[in-house]
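Read the structure below first, then the notes.
The values are calculated or read from the model by the stated rules, or taken from the named source; none is laboratory data. Please read all numbers here as calculations on a predicted model, not as lab measurements. Every residue, glycine as well, gets a Cβ built from its backbone with ideal geometry; the counts of neighbours run over all protein chains shown.
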Amino acid sequence: MQISALVLDKLLRSVKRPGRYTGGELNSILKDWSSIKVRMAFAFPDVYEVGMSHLGLRILYGLVNQHQEFLMERVFAPWPDMEAELRRQEFPLFSLESRRSLRDFEVVGFTLQYEMSYTNLINMLDLGQIPIKSHERTAADPLVLAGGPGAFNPEPLADFIDAFVLGEGEEVLLEVLEVVGRHCQKVEEMNGEPPTSSTAKFYNRLDLLRDLAQIPGVYVPSFYQVSYGHNGTIEQIIPIETVAPLRVVRRVVADLDRAFFPVKPIVPNIEVVHDRIMLEVFRGCQRGCRFCQAGMIYRPTRERSVETLHKQTRELIQHTGYDEISLTSLSTGDYGEIQKLVRLLLEEYQERGIAVSLPSLRIDTFSVDLAQEVQKGRKTGLTFAPEAGTQRLRDVINKGVTEENLFTAARAAFMAGWSSIKLYFMIGLPTEESQDLDGLIFLARKVADLGTEAARSGRVKKRIQVTVSVSNFVPKAHTPFQWEGQEPQSALKVKQDYLRQGLRDKRITYNWHDTKLSFWEAVLARGDRRLGSALEKAWRKGCRFDGWNEYFQPEKWQEAMEEVGLDPSFYAHRQISLTEVLPWDHLDSGVARDFLMAEYQAAHDGVTTEDCRLGGCTACGVCTSLGLDLVLFGGERMGENVPLSDRI
Amino acid sequence: MCRFRIEYSKEGAIAYISHLDLSRMFERAARRAELPVALTQGYHPHYKMSFGSVLPVGIEGDQEYLDLELNRPYPAHKVQEALEKEMPEGLRIHRVKEIPLVAPALMSLINAASYAVRTRVEPAAAIHTSADFNQRIERALSRETWPVMRIRKKGNQEIDARSGLISINLEWRNGLVEGEIWLRISSNLAVRPIEILEALEVFGGINWLYEDTYLRRTGLFVLREGNFLSPMEVITR
């Protein structure tokens, strides 16, 4: 079913921010459906402004649409006002390009960026007139895929998703679409009848899934059986189809420098969260912070060369007209030739009013010179992430920065004229004690004092502002802390209160995260497939946009869990034994379980592990098991200002 | 330095883009076209670009205007070609004309707008003849003021919609109403066409079906001695 321009107009008149649903943006691609073999919708389970800021979407959209036989269109979670209109008028959720119902596509692929978007995923299937459960789908329904970091513990979504893709989509998606294409009904076999919503898309759905399961990196959850012991823990996870591998291994792009990167990305008509050029300078990070999932599941570091990045920037500016280039990665200061790249870009573009921005700088690689060059005139604020208040706890989490790193960076920034600094911390970390909270308060106050000093000497003109943002630790799959339980909400709240008291200072703004949200995030992050029924219940009770304060309804989640007889605390709070079978044990990120266990032990011993780019191989297993190596450009690894010994 | 006046139209779904987003869209188009647009001074330099009159979200515009300043001499037809190539779906460049740097801003020049209206009257209003409809319009017009409430985030404001009305010409046919509304634009008050319809409801007893109401801005003008002139023709005061 296709939504006409007239219907669209009626819908647009009755919702807020109608620009979310119009499509037709610069560089969006509308293909002729009749000439295409496999049509895929990229489904982002959050609102347009968030989804359009996602680099993965830009990459896969460009990649798939390059191929004559395939097309990709976009669909985002409708805001509740639009959902109400769609349901009231009985219109299906539609793609932005051709305005077709989701169920018209052969493939609908979701990206799982955040646990709290899962109810939106179910809602989008339902609004797209696709049966929400995998086993209810017939040959007339699309194949429903999901990928992204959430696919590393996909079990809570096992009932809803036909197949998950583990790892980097640009490496595997075309293979998936090829296989789907072989299973699609040919138009000439339909006796000249035009396809309708009940026309079979595939010859046989089960055969399709069997072939998909043989593609490395593809996980078909219905081909695995999970059995549970009497105490609720998992006994074993076994494949029940002969074609299903014992372990599904993550797919990785070996040579990022030569990999596809879209130089003609869609330019949204309305302002989105990251409304700028996103230039991906490298992927992966081996710093090895023990709470960080991205630091494990995107290994190893693969850099792009300055030449490639330079060329891509030129084309990106030509094709988008943006006035800002953001150098993105997990830790941009770690890029081998950061100085060279930044200078090159500034030289070429500064005069034309095009700015360069560096998000995610580490304190230890922070160079005031660099930051100053980049921010000429507009000092928008700097963000540092010490994560924990004492050296002891920073060693436990393996955050390789010191107090001195922080003070040096903050002093330099204030002296250079910055007036506002943001500090990120986490509480509820394993082994945390009251001294660690005192340490946090001390660090924040000391940074504020450094600001005051700079202000007295006349180096800062504006009021000093230190923003302290404190999040709650959430254990994540495939990290050394996956076995660690989350602290109960009551304990976290006591800590939050303690910090609020301790950070009472007119120079300091203190932000904290809702413990309820962190709790449910932990439940899903460590959940098994029994959670599927609770997810469905929560959605039926009206849960949507759970990551958005104004829509989050924790009491409905609680009811949903009770009704299906599950204890959320079992998932969030439990200290899991190292010998237990984890819900994601059959999924292999390439990082060895032994390494994660050794890191867990090291954390409790307070021993740090160096980045392998500095201290030699740490035997995490990624390079050997995936047959890869680090890809680094430029000889001198680290910034020019900080001696090597200070960096860990 | 040189300055250009540009006439463009905004049609279709792009009408749902806000004024701020539209202005960013023009900036990006100019950057893609590699036009040497002049930058303002200061910490946050931005393009020297100024619009005629803000078009409300959801309303199409047939003849809208913007002025653009470039760093160096450039032929007007090249500016036109460059921009035309870079316009997203729904935006079209009609004319580009070089104007003196000292010419007054569009904002201070434009003082009138015309709107095309297509709407329906609610059956409950019980209007059965065009004579009845016209009478109700006359009844509303016979009042000297039309106080209506403008709903705003920072406190509502009462405005006199009548003072912004130049003329109105609506025709009723079996419940369907089509026609034109001409409005004054001044720095202290720019009445919206929807506020005119509201006033006709309150003071003429014509209940509209707002969800079936379509408005299009057909033109922006310099009203001078009773003549409606185009800002492309009237450059100076």
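Annotations for the structure displayed:
- Just so you know, in the stretch B:59-73 the residues that are surrounded by 17 or more Cβ atoms within 10 Å (Cβ to Cβ) and of a type outside the set (D, E, K, R) include one that is farthest from B:Gly12 (Cα to Cα), and it is B:Leu70.
- Residue in the stretch B:183-191 that is more than 14 Å from chain A (Cβ to nearest Cβ), at pLDDT 90 or above and more than 16 Å from the chain's Cα centre (by Cα) present: no
- Scanning the stretch A:4-16 for residues that are out of contact with any helix residue (DSSP H, G or I) (no Cβ under 8 Å at 6 or more places or on another chain) and not in a helix (DSSP H, G or I) yields a single hit, A:Ser4.
- Any chance A:Asp364 is buried (at least 23 other Cβ atoms within 10 Å of the Cβ) and either modelled with pLDDT under 85 or acidic (Asp, Glu) (or both): yes
- Failed item in (1) modelled with pLDDT under 95; (2) in contact with a Ser or Thr (Cβ under 8 Å, 6 or more places away or on another chain), with A:Lys493 passing the rest: (1)
- Screening the stretch B:7-52 for residues that are facing chain A (nearest Cβ under 7 Å) and among the small types (Gly, Ala, Ser) and picking the one that is surrounded by the fewest Cβ atoms within 10 Å (Cβ to Cβ) gives B:Ala13.
- Conditions (1) away from chain B (no Cβ under 14 Å); (2) under 18 Å from A:Thr111 (Cβ atoms); (3) outside any strand (DSSP E or B); number of the one not met by A:His67: (2)
- Among (1) within 11 Å of another protein chain (Cβ to nearest Cβ); (2) within 24 Å of the chain's Cα centre (by Cα), the one test that A:Gly321 misses: (2)
- Applying the condition of being surrounded by fewer than 20 Cβ atoms within 10 Å (Cβ to Cβ) and under 20 Å from A:Val263 (Cα atoms) to the stretch A:327-349 and asking which residue is farthest from the other protein chains (Cβ to nearest Cβ) yields A:Leu344.
- Test result for A:Gly353, in contact with a strand residue (DSSP E or B) (Cβ under 8 Å, 6 or more places away or on another chain), in contact (Cβ under 8 Å) with a residue 24 or more places away in the chain and within 14 Å of chain B (Cβ to nearest Cβ): yes
- The number of residues in the stretch A:601-629 that are surrounded by 15 or more Cβ atoms within 10 Å (Cβ to Cβ) and modelled with pLDDT of 90 or more comes to 14.
- For A:Asn405: the one exception among (1) surrounded by fewer than 20 Cβ atoms within 10 Å (Cβ to Cβ); (2) in a helix (DSSP H, G or I): (1)
- The residues in the stretch A:463-482 that are surrounded by fewer than 21 Cβ atoms within 10 Å (Cβ to Cβ) and in contact with a Lys or Arg (Cβ under 9 Å, 6 or more places away or on another chain) can be counted, and the count is 4.
- Residue ID - farthest from the other protein chains (Cβ to nearest Cβ), chosen from residues in the stretch B:82-96 that are in contact with a strand residue (DSSP E or B) (Cβ under 9 Å, 6 or more places away or on another chain) and either surrounded by fewer than 16 Cβ atoms within 10 Å (Cβ to Cβ) or of a type in the set (S, T, N, Q) (or both): B:Arg95
- Answer residue from the stretch A:18-48, given it is part of a loop (DSSP other than H, G, I, E, B) and surrounded by fewer than 19 Cβ atoms within 10 Å (Cβ to Cβ) and is nearest to the other protein chains (Cβ to nearest Cβ) among those: A:Gly24
- Residue check, B:Ile127 away from chain A (no Cβ under 14 Å), modelled with pLDDT under 95 and touching a helix residue (DSSP H, G or I) at 6+ places or on another chain (Cβ under 7 Å): yes
- Residues satisfying the stated conditions in the stretch A:218-247, i.e. among the β-branched types (Val, Ile, Thr) and more than 19 Å from A:Arg526 (Cβ to Cβ): A:Val218, A:Val220, A:Ile238, A:Ile240, A:Thr242, A:Val243
- Residues in the stretch A:381-401 that are part of a loop (DSSP other than H, G, I, E, B) and either modelled with pLDDT under 90 or in contact with a strand residue (DSSP E or B) (Cβ under 9 Å, 6 or more places away or on another chain) (or both): A:Gly381, A:Ala388, A:Gly389, A:Lys399, A:Gly400, A:Val401.
- Meets criteria (crowded, with 23+ Cβ neighbours inside 10 Å and either under 24 Å from the mean Cα position of the chain (by Cα) or not charged (D, E, K, R) (or both)) for A:Ile266: no
- A single entry from A:Ala444, A:Ala477 fulfils the requirement of being in a helix (DSSP H, G or I) and either in the same structural domain as A:His573 (by TED's automatic domain parsing) or among the acidic types (Asp, Glu) (or both): A:Ala444.
- Complete set of residues in the stretch A:272-316 that are within 14 Å of chain B (Cβ to nearest Cβ), surrounded by fewer than 23 Cβ atoms within 10 Å (Cβ to Cβ) and touching a residue at least 40 places away in the same chain (Cβ under 8 Å): A:Val272, A:Asp275, A:Arg276, A:Glu315, A:Leu316
- Residue check, B:Leu223 farther than 18 Å from B:Arg118 by Cα, outside the structural domain of B:Val102 (by TED's automatic domain parsing) and surrounded by fewer than 18 Cβ atoms within 10 Å (Cβ to Cβ): yes
- Residue in the stretch A:43-66 that is within 19 Å of A:Leu143 (Cβ to Cβ) and more than 24 Å from the chain's Cα centre (by Cα) present: no
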